[in-house]
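Since the structure comes first, as structure tokens, the remarks are kept for the end.
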Ligand SMILES: Nc1ncnc2c1ncn2[C@@H]1O[C@H](COP(=O)(O)OP(=O)(O)OP(=O)(O)O)[C@@H](O)[C@H]1O
Ligand SMILES: [Mg+2]
């Protein structure tokens, strides 16, 4: 175990084993490294069985990296059985084993945003028929906020006492009842229901307390009330809870993260050992000084300052561009220049922005210059309509109570069961208090339906029952392929597409679902439809569609991502764009938390290892109109002497080192070309 790769405080944190531990430290000071080394120490030196180790974080990417690093240190075999995952995946695991104790069945569905929105709309139209358009997202947000705060419907206190707050109060109990009737849970339920399970069933709680003896949490500053309660329950019997975090990087307040969790940790967990790390190993001196100066303007924080043993590094460029297009051009030109000068890869560059819409200009420019890039976030693979249609079939095949997905596929592809017929069926189901699927199975008796409709329903029921059996017996991907072919889905996609090119892309996406299933099957010892759906549901919302054909080619690609998605990561060269008032800090419709916006900016700056470039535009298009823009007040908070201010009109002189480097790599490039 390489304890020698750690500084004194890091070593103390790694070797601390029993009782609560709070590692509070700034960006890039090695917090995540401490967690992986601590796991290695537990497994190798203290011979703790791997099943007793549990480490959680927020994104799949971070969890995967943590696991990988630990495996590299101690070998795969030793790690077998430890749980290193996201909060959601951990809760999924617990619910899979014990959700029946809460009255759900174990083949429950997980509803993503699309399913949730549909359900909310259905409920709203039942409540206020013919009402003006209701913003379902807003209601969903209020319900999600309540769940993150562990408020069941009967204790619901909406964050805002306005029209939507009142509407959400009406919708929430119905929504929760409907989910239960459909044997489905949403993302927030994964955590809220797990907490309920642990609170209400002492035997279950005892089982997990016995099982997980050493708990570790990365990015603890972003935990919400539900996650906090979960950790409290799991660690109550032994208090072996080690949390690491940085109050300056708490950026999920809008999703219910509670900074109080980290600020009050010592009070909440008596006997806590507190360790601070202040040496930064990631960034140059200039970058760190800028980050330190900026965050000093926040009031609500624990005092700390980062230092580095390295030199100041290059100056931070701050470029004022004409407009959004000019900003994209400047970034791409700088990437090209730096790539020659520094002989680095495209993947060493990251462009970070506040809102996803900002990515468009960069994508266009990168495409124009033929530079590979990968966009993290944006429209996710599994969120595309055609993909969701296929998943709807799979989800309903897996869970016959899932009425939302049943309604989605009932007349897709078109089979003559129109909305009037569907309404009849729903009315029957409500009047007789029978599940919709049962009503469909007995549809021959519903005389109001025409012969053709009844025949179509009978065919549909047969199809579903046939494939339900097949999925239990046959190979998953083969069965799914047959299902799509029976449905003639490809023909339907081409028939309804606006143009053949779009049709082709959609058909490719559908084929990719089967590919994803096939690779899942190869990886898994005992593959199952429910296992596959579980994997898909738990993909990060911030992760790119990993099945995109292009993404395989994009190993060496410039990374475009939101500031939120960049947490925990590091890149040699970072461009932080759109540093304008209104954009960063972002003015939100509801409330703007200026300190949280400053922390986001801090997160962005501290991702940079060697160079940092800040950009803002003098004008920017909004709703098609050019608007004059004001630079972000955050720029004023960074000491002037750290910033090298450049106007995009003035050509940027290369320093002599760069010039020479560039000439050498240029000639090397030509020689390589001739040799090819
Ligand atoms: N003692 C050390 N010696 C050398 N390098 C180190 C040491 N500790 C950490 N590092 C390196 O510093 C970088 C930052 O470490 P790490 O990602 O663990 O920091 P962090 O505190 O988790 O950052 P963030 O707050 O952004 O999540 C990594 O490249 C890591 O390998
Ligand atoms: Mg980290």
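Key figures for this structure:
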| read-out | value |
| --- | --- |
| Any strands (runs of 3 or more DSSP E) falling wholly within the range 13-125 and containing at least 1 residues that are under 28 Å from residue 402 (Cα atoms) and within 16 Å of ligand 1 (Cβ to nearest atom) | 83-86 |
| Checking residue 67 against (1) without any contact (Cβ under 8 Å) to a residue 24 or more places away in the chain; (2) closer than 23 Å to residue 227 by Cβ; (3) not assigned by the TED database to the domain that holds residue 204, the condition it does not meet | (3) |
| Single condition residue 396 does not satisfy, out of (1) surrounded by fewer than 22 Cβ atoms within 10 Å (Cβ to Cβ); (2) in contact (Cβ under 8 Å) with a residue 60 or more places away in the chain | (1) |
| Number of positions in the range 50-98 that are within 14 Å of ligand 2 (Cβ to nearest atom), at pLDDT below 95, under 25 Å from residue 189 (Cα atoms) and touching a strand residue (DSSP E or B) at 6+ places or on another chain (Cβ under 7 Å) | 4 |
| Residue 343 being under 18 Å from residue 645 (Cα atoms) and assigned by the TED database to the domain that holds residue 599 | no |
| Selection from the range 364-375 of residues that are surrounded by fewer than 16 Cβ atoms within 10 Å (Cβ to Cβ) and under 18 Å from residue 324 (Cα atoms) | 364, 367, 368, 369 |
| Hits in the range 210-232 (condition: away from ligand 1 (no atom under 16 Å from the Cβ) and surrounded by 17 or more Cβ atoms within 10 Å (Cβ to Cβ)) | 212, 213, 214, 215, 224, 225, 226, 227, 228, 229, 230, 231 |
| Count - residues of the range 447-473 that are over 14 Å from residue 397 (Cα atoms) and assigned to a helix (DSSP H, G or I) | 9 |
| Yes/no for residue 341 being surrounded by 17 or more Cβ atoms within 10 Å (Cβ to Cβ) and without any contact (Cβ under 8 Å) to a residue 40 or more places away in the chain | no |
| Scan of the range 210-240 for residues that are closer than 16 Å to residue 62 by Cα and not in a loop (DSSP other than H, G, I, E, B), ordered by number | 216, 217, 220, 221, 222 |
| Residue 47 being more than 29 Å from residue 276 (Cα to Cα) and more than 16 Å from ligand 2 (Cβ to nearest atom) | no |
| Selection status of residue 33, without any contact (Cβ under 8 Å) to a residue 60 or more places away in the chain, within 16 Å of ligand 2 (Cβ to nearest atom) and surrounded by fewer than 23 Cβ atoms within 10 Å (Cβ to Cβ) | yes |
| In the range 568-599, residue surrounded by the fewest Cβ atoms within 10 Å (Cβ to Cβ) [restricted to those that are within 16 Å of ligand 2 (Cβ to nearest atom) and not in a strand (DSSP E or B)] | 570 |
| Every residue from the range 419-446 that is outside any helix (DSSP H, G or I) and either exposed (fewer than 13 other Cβ atoms within 10 Å of the Cβ) or within 36 Å of the chain's Cα centre (by Cα) (or both) | 433, 435 |
| Positions within the range 241-276 being away from ligand 1 (no atom under 14 Å from the Cβ), at pLDDT 90 or above and in a strand (DSSP E or B), in sequence order | 241, 273, 274 |
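The values are calculated or read from the model by the stated rules, or taken from the named source; none is laboratory data. Everything numeric here is computed off the predicted structure, so don't read it as measured data. For neighbour counting, all protein chains shown are included, and Cβ atoms are generated from backbone atoms with ideal geometry for every residue, glycine included.
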